[in-house]
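Down below is the structure, laid out as structure tokens.
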Amino acid sequence: MNILYAVPVAKRYRAMEHETRLAADHGHQVHLVADFRPYWETHEIDPRVTVHWLRSRELRAPESAPVTWLLCRIPRAVLRRLARGPLNRPVGKVLYEWNRKIANPIEKRRKHRTAVLRHDYRHAAVMSVMEKHRIDWLVLGEPGAVDLIAEDVPALLERRPELRTTYSYEPFADQEVADVR
């Protein structure tokens, strides 16, 4: 059975390690889709597990250069330079207001666009692995995975009624009986 363990945010490290190893021990072909984090440099996934690393943290929504330079960098640099010395307090107030009214809303919009970009990237990656490897069992191992795939699950189950969808890997009773015989 092909199992896709989808954990696009990858915060439950121990659970991912243990459950993918357990599924591989039971003879399943396991695919793990996870965001690469520094944790994985010191901990290894079972070699029988096919890992599809997402690098979504490297994605950033671009901001136009004129907006960045003319509304954020140059005014902040000038105000910081003026804030040295006796004008510290009044210029500090102007810098605070500039950040609050101009720079922070620009940054907030960019962060929102980045979040949408990362979400779309994770969704496309999980769906492409599902289609490419003809997954029989979908394990959504964290709330972020459930949020990511929730809208597509009814359509997936309608197309493939035999698809199992769970929150964690557990051997089913019929598999345990088959293994005992």
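Quick notes
- Inter-residue pairs, beta-carbon under 6 Å, first assigned by TED's automatic domain parsing to the domain that holds K132 and in the stretch 49-68, second of a type in the set (G, A, S) and surrounded by 12 or more Cβ atoms within 10 Å (Cβ to Cβ), 6+ apart: V49/A24; L54/A125
- Screening H119 with (1) under 21 Å from E142 (Cα atoms); (2) not in a helix (DSSP H, G or I) gives one miss only, at (2).
- The residues in the stretch 1-30 that are charged (D, E, K, R) and either modelled with pLDDT of 90 or more or not assigned by TED's automatic domain parsing to the domain that holds V129 (or both) can be counted, and the count is 2.
- Residues in the stretch 31-51 that are modelled with pLDDT of 90 or more, of a type outside the set (A, V, I, L, M) and assigned to a strand (DSSP E or B): H31, T50.
- Candidates W69, W98, filtered to the one that is under 32 Å from the mean Cα position of the chain (by Cα) and over 16 Å from A34 (Cα atoms): W69
- V30 exposed (fewer than 14 other Cβ atoms within 10 Å of the Cβ), hydrophobic (A, V, I, L, M, F, W, C) and either out of contact with any Phe, Trp or Tyr (no Cβ under 8 Å at 6 or more places or on another chain) or under 30 Å from Y5 (Cβ atoms) (or both): no
- Candidate set: the stretch 116-129, residues that are over 19 Å from L156 (Cβ atoms) and aliphatic (A, V, I, L, M); chosen: the one surrounded by the fewest Cβ atoms within 10 Å (Cβ to Cβ): V116
- Considering each residue of the stretch 123-146 in turn, at least one proves to be within 30 Å of L163 (Cα to Cα), acidic (D, E) and assigned to a loop (DSSP other than H, G, I, E, B).
- Filtered by the rule that a residue be closer than 30 Å to L54 by Cα and loosely packed, with under 11 Cβ neighbours inside 10 Å, the stretch 76-115 gives a lone residue, K108.
- Among the criteria (1) in contact with a helix residue (DSSP H, G or I) (Cβ under 9 Å, 6 or more places away or on another chain); (2) among the acidic types (D, E); (3) at pLDDT 90 or above, the one E97 does not fulfil is (1).
The values are calculated or read from the model by the stated rules, or taken from the named source; none is laboratory data. Owing to the predicted nature of the structure, the values given are computational and were not obtained by experimental measurement. Every residue, glycine as well, gets a Cβ built from its backbone with ideal geometry; the counts of neighbours run over all protein chains shown.
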